[in-house]
1. Which ordering of 38, 12 is given by a fewest-first count of other beta-carbon atoms within 10 Å?
2. Hey, fewest Cβ within 10 Å first, where do 54, 80 land in order?
3. What FRET efficiency would be calculated for the residue pair residue 86, residue 4, taking the C-beta separation as r and a Förster radius of 22 Å, to the nearest 0.05?
4. Can I get the semi-axes of the chain's equivalent ellipsoid? Compute them from the C-alpha gyration tensor as square roots of 5 times the eigenvalues, in angstrom, largest first.
């Protein structure tokens, strides 16, 4: 946001809202872009053959590991599942590259 504010000629002291600056420049929110990149990486992993090391290592966790006390850490696959549910996309769609790209695209404003 600092770069976008500088680009518009505003400072924090001007008290211009972030949404107004993003809308003026035409930039999508960073949360949506991060989700898009995470889902794009997930699509790459899904299209790999099942015997590929990255697919067997990333998608298959060992469930017998005892986690520590407190709130459990958010894992990559849990965040991907949450993103898929939020965006209402199925995992099988990742196998079709063109449909997947259209489904996860975040248009610039």
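Rule-based calculations on the coordinates, nothing more; no lab input. Given the structure is predicted, the values throughout are model-derived calculations rather than measurements. As a convention, Cβ positions derive from the backbone with ideal geometry for all residues, glycine included, and neighbour counts pool all protein chains shown.
1. 12, 38
2. Exposure proxy ranking, most exposed first: 54, 80.
3. For R0 = 22 Å, the calculated efficiency reads 0.30.
4. After scaling each eigenvalue by five and taking roots: 34, 20, 11 Å.
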